[in-house]
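*Asks:* Structure in structure tokens, see below.
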Amino acid sequence: MPQMSLFSAEARPAGLTDLAGLLCGPGRIERFGAGDTARFDVPLPIEGRETALAALAAARGVTLAPGASGMRSAFRRDLVPLARAWCTPEGRKQIPPDFQLDGAALRLWALAAGTPDLRGGYLLLLDPQASWTHGPLIAAATRAGLPPARLAPGEHGAPGPALRLHGARRLARLVELVGPAPRMTNPADWPRYRGRPAA
């Protein structure tokens, strides 16, 4: 039996910190008032992911409901540590310097903002309004064994700025980390590895 990676999505119990994966893509977290509560605001650039994303968030104790432009949580006190890590005091999105991109975070990133490309690779969409986060996310992906290419909107069919993962080794690693497609998603939209490199 294959040994489970220590960094795969199933390697540890689900927790709130997994939801950092939503912030790797276009998702945001914002604090309210005095800063003692925070909420998620998650645009969904790819249609049809709402039900599955709500289920993965619910498994971590957070309710995501349809909002004006995607999915949104209520303001909650237990989200403040994530907000402090992922936002400057002025509310500007940032990547925490100690961020480790593991399978659980990757699984949520792929569900919220991942899609196959036109040449056999896989795209993880970035936040088009926070270009300064793209470099740190490239570094985090590389540390996770997934060195990506950075794409501009339109390259390889990307609907926005994205990281592209391609090649047999990287796709196999991605599949290992994110695990099987969540229920209520199209398996064709999920990372796959067929044993041959992408172009």
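What follows is calculated from the coordinates using simple rules that are stated; it is not laboratory data. Given the structure is predicted, the values throughout are model-derived calculations rather than measurements. Backbone-built Cβ (ideal geometry, glycine too); neighbour counts: all protein chains shown.
*Asks:* Given the C-alpha centroids of region 56-85 and region 24-44, what is the distance between them in whole angstrom?
*Replies:* 7 Å
*Asks:* Which percent of Cα-Cα pairs in the chain sits in each 5 Å bin, short to long?
*Replies:* Reading the bins upward from 0: 1, 8, 17, 22, 22, 17, 9, 4, 1, 0, 0.
*Asks:* May I ask for the net charge around Leu44, where only other residues with Cβ less than 14 Å from the Cβ of Leu44 are counted and Lys, Arg are +1 while Asp, Glu are -1? Write out the running numbers ahead of the final one.
*Replies:* Numbers: positive: Arg28, Arg49, Arg72; negative: Asp41, Glu47, Glu50, Asp127, Asp189.
Surrounding charge for Leu44 is -2.
*Asks:* Now for a separate question. Report the label-to-label distance for Glu90 and Phe75 in nanometres (one decimal), using points 7 Å from each Cα along the Cα→Cβ vector.
*Replies:* 2.3 nm
*Asks:* Can you find, among Pro97, Leu171, Ala149, the residue farthest towards the positive end of the dipole of the chain? Put +1 on the C-beta of Lys and Arg, -1 on that of Asp and Glu.
*Replies:* Leu171
*Asks:* On each of the three principal axes of the Cα atoms of region 11-80, give max minus min coordinate, whole Å, ordered largest first.
*Replies:* 35, 33, 19
*Asks:* A further question on this structure: Under the definition of Cα pairs under 8 Å and six or more residues apart, what whole-number percent is the relative contact order of the chain? Please report the intermediate quantities before stating the final value.
*Replies:* Values: 381 pairs, mean separation 46.4, N = 199.
Averaging sequence separation for qualifying contacts and normalising by length gives 23 percent for the chain.
*Asks:* Across region 62-76, in residue order, what do the Karplus-derived ³J(HN,Hα) couplings come to in whole Hz, using 6.51 cos²θ - 1.76 cosθ + 1.60 with θ = phi - 60° and x for Gly and Pro?
*Replies:* With coefficients 6.51, -1.76 and 1.60, one gets 10, 8, 10, 10, x, x, 5, 9, x, 10, 9, 9, 6, 6, 9 Hz.
*Asks:* Separate question: Less than 18 Å from a label point 7 Å out along the Cα-to-Cβ axis of Asn186: which backbone N atoms in region 115-129 qualify, by residue?
*Replies:* Correct set: 115-125.
*Asks:* Sum -39500 (n - 2.57) across every DSSP H segment of at least 4 residues in the chain, then divide by the residue count to get the 222 nm mean residue ellipticity, nearest 500. If you can, show how the numbers build up before the last one.
*Replies:* Numbers: 6 runs with 53 residues, N = 199.
The helix-only estimate for the chain comes to -7500 deg cm²/dmol at 222 nm.
*Asks:* Could you state the orientation-averaged shadow area of the convex hull built on the Cα atoms of region 25-65, in nm² to one decimal?
*Replies:* Numbers: hull surface 13.4 nm².
Over every viewing direction, the Cα hull of region 25-65 projects on average to 3.3 nm².
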